[in-house]
Amino acid sequence: MLTIVFFGPHTRKMTDLADFTAIELLSAFRRKTVSPVEATQAALDRIERFDGAVNAFCLVDETEALLQARESEARWQAGTPQGALDGVPTSIKDLLLTRGWPTRRGSRLINDDQQTTEDAPSVARLREAGAVLIGKTTTPEFGWKGVTDNPLTGNTGNPWDPTKTSGGSSGGSAAAVALGMGALSVGTDGGGSVRIPAAFSGIVGLKPTYGAVPLYPTSPFGTLAHIGPMTRTVDDAALMMDVLTGFDSRDWSALAQPPASFQQGLKAGIAGLRIGYSRDLGFADVDPEVAASVDAAVQVLAGLGAVVEEVDPGFSDPIDAYHTLWFAGAGKVIQAFDPERWHELDPGLLEVARAGQGFSAMDFLAATQIRADLGLSMGAFHEKYDLLVTPTLPMGAFEIGHEVPEGSGLTRWAEWTPFTYPFNLTQQPAATVPCGLTSAGLPIGLQIVGPRHADALVLRAASAYADAVPFTRPPLLSA
């Protein structure tokens, strides 16, 4: 039988603990007004209440989560917390190795009886920091597309309207965080996969500079693949970055530990920063509702003292180069499996993988050159502007179960997310924060992009905006 130790009088009802941010939870643990067991149980209760509607989790380990929470509770009682996230309920995207749990990657081709004996670097850092790992979140098969559905676990719905997509490929993580099913989650982003679902779900997502958060095993999508925090607040994202970043020898491209905390200077404001604002990057088709919300958000940035200028960064749509690199990665993914079983794959994944297997080395190198040229162009852009601001996505979330919006005439997911994949090509840090709602009541995201290694600056600008314009929570929570 579970025994919950109550530390003292509670400042909120226990059912409200799922709405606490990580920083609020840690403060309550420190004051001994809330127990990590209570916080974990509140997250598990939210999963029981809402996951049937959105399908955010492919694995929930209640027994292990409560065991970790009790261990955290004992540390807080003794005044010896293990690390910066001790006791905070956290979920892991099911592309990342997690000791003791299978990593199915949304695929029927991977058995669930794996004996996983090591954590991916990001998971290891979370565990070392004392985070309570509650489960694994859904992903499209091998994370290949910008919506979250797969042959293994089905569709993941949007926390604002479960008939709409949560986005992808970290859609399960976004839905979980938005609905309080754990304060934190870690996602992956190879073309927008943190930012797309974060924007569709009304939360904060950061794609850090490539290499800032180590990745192991190496992604088949190569150096397009980033790992980043998914949270309800920018403050929590900065806290999470302090935990996730730093060298890990298993990642040959991992960067050194940052010289300062991401929380340091987070509230320094943006007065005097030079911000270039591009409504469409010169080539994107943006819904007028989205454009209006982002225009208003940019006015807020100007009102906070930033020097804002409307400008396009001056590059053409690099989607063909991106597709070459991304499809080649998909081809590499399926190469590891018996071709006799390829018919069990998501049909869209199989299509792009076969296309990728048809590219030559010269095709790949030509795409890599376009990528290098784009990086050169953005380097020059940031000589003049500290940050670039754009919409995160050109529209609100569309119907669930479709790779592209019905009737759009588009064929592949990257065609409707023109603001995200360019900055995977350049490896720049990019964050999304919610900045409004469509007339259908669906979130709109504001993207803030910085030069490589300027992750702290990106978070600082995101924090300034989010503090000035607080966002609401999904109506599902009030139903």
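The distance linking region 182-203 with region 360-414 is 16 Å (Cα centroid to Cα centroid, whole angstrom). Just name one of Val60, Leu349, Gly401: the one whose Cα is farthest towards the positive end of the charge dipole of the chain (beta-carbon charges, Lys/Arg +1, Asp/Glu -1). In the chain, that residue is Val60.
Calculate, for Leu410 and Ala260, the FRET efficiency according to 1/(1 + (r/R0)^6) with r their C-beta to C-beta distance and R0 45 Å; round to the nearest 0.05.
In this case the efficiency is close to 0.60.
Calculated FRET efficiency, Thr116 to Asp287, Cβ-Cβ distance, R0 = 41 Å: about 0.45 to the nearest 0.05. For the chain, DSSP calls about 65 percent of its internal beta bridges antiparallel. Would you please classify the overall shape of region 206-341 from the alpha carbon gyration tensor, given that a ≥ b ≥ c denote the square roots of the eigenvalues, rounded means a/c under 1.5, and beyond that prolate means a/b larger than b/c while oblate covers the rest? The shape class here is oblate.
Between the listed residues Leu255, Thr245, Gly265, the Cα displaced farthest toward the positive end of the dipole of region 242-287, a dipole computed from Cβ unit charges relative to the Cα centre, is found at Gly265.
In the chain, the DSSP-assigned H stretches of four residues or longer account for a calculated mean residue ellipticity at 222 nm of -11000 deg cm²/dmol, using -39500 (n - 2.57) per stretch and the full residue count as denominator. Over the chain, the hull volume per residue, using the convex hull of the C-alpha atoms, is 138 Å³. Its Cα centre serving as origin, the chain has a Cβ charge dipole (Lys and Arg +1, Asp and Glu -1) of approximately 1040 debye. Extension gain for Glu62 to Lys384 (0.36 nm times residue separation, less C-alpha to C-alpha distance): 110.8 nm. Annotation for Gln299 and Ser316: the two label points, set 7 Å from Cα along the Cα-Cβ direction, are 3.6 nm apart. When each of the peptides 222-234, 156-168 is scored by the mean number of other C-beta atoms lying within 10 Å of its residues, the order from highest to lowest reads 156-168, 222-234. Ranked by how many other Cβ atoms sit within 10 Å of their own Cβ, fewest first, the residues Asp235, Asp16, Asp61 fall in the order Asp16, Asp61, Asp235. By other beta-carbon atoms within 10 Å, ranking Phe381, Phe29 with the fewest at the front produces Phe381, Phe29. Please state the relative contact order of region 17-478 as a whole percent: Cα pairs under 8 Å, 6+ residues apart? This gives 16 percent for region 17-478. Here the spin labels are modelled as points 7 Å beyond Cα on the Cα-Cβ line, and at Asp373 and Ala271 they lie 4.3 nm apart. Only Cα pairs under 8 Å and 6+ residues apart enter the sum, and on that basis the relative contact order of region 134-193 stands at 32 percent. Here the alpha carbons of region 298-451 define both size measures, Rg and Dmax, at 18.3, 60 Å.
We did not get these values from a lab; they are worked out from the coordinates using the rules stated. Keep in mind the model is a prediction, meaning the values are calculated, not measured. Methodologically, a virtual Cβ is constructed for each residue, glycine included, from the backbone with ideal geometry; neighbour enumeration extends over all protein chains shown.
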